[in-house]
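Bear in mind that the values in this text are calculations on the coordinates, not laboratory data. Every value quoted in this text rests on a predicted model; they were computed, and no experiment measured them. Here Cβ is always computed from backbone atoms with ideal geometry, including for glycine, and neighbour counts include all displayed protein chains.
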Amino acid sequence: LNAVDRVSCWIDVDSDLMSSMQLQVSAAGRVRDSVDSLTSWQPTWYPAVRRDGGLLTIELAVLRRDLVELPIAARESWLIKAAPLAAGHPTELSPIPISSEWRRIIFQP
């Protein structure tokens, strides 16, 4: 996917910013998944890509058991980052994470 524009979503389930799972999707629906750029992680997930004029909408559905053990506890939190990546842009995160680029998701009961 490095040769095409794509959207990348990073998920850090232990919120330590040291390692994360990454899901990438191109406008054509091509995908790649990895953990810290290692492609041996093979989760079950499904992208939905919709283009409406100049707006591209991408939805991702991932089996929770491929991210963490079930069930997810109330008040558990993860860090998530999503960003467009231009063709030729590397997929790896900076070795020193920028915490302001991440958003905290808190699960409610």
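The table below gives the values:
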quantity	calculated
Contact order relative to length of segment 1-105, as percent, for alpha carbon pairs under 8 angstrom and 6 or more apart	33
Correct option for Cα extents along the principal axes in Å [calculated from the coordinates] among (1) 38, 29, 25; (2) 48, 34, 22; (3) 38, 30, 28	(3)
Among 43-51, 16-24, the order from most to least packed when residues are scored by Cβ within 10 Å on average	16-24, 43-51
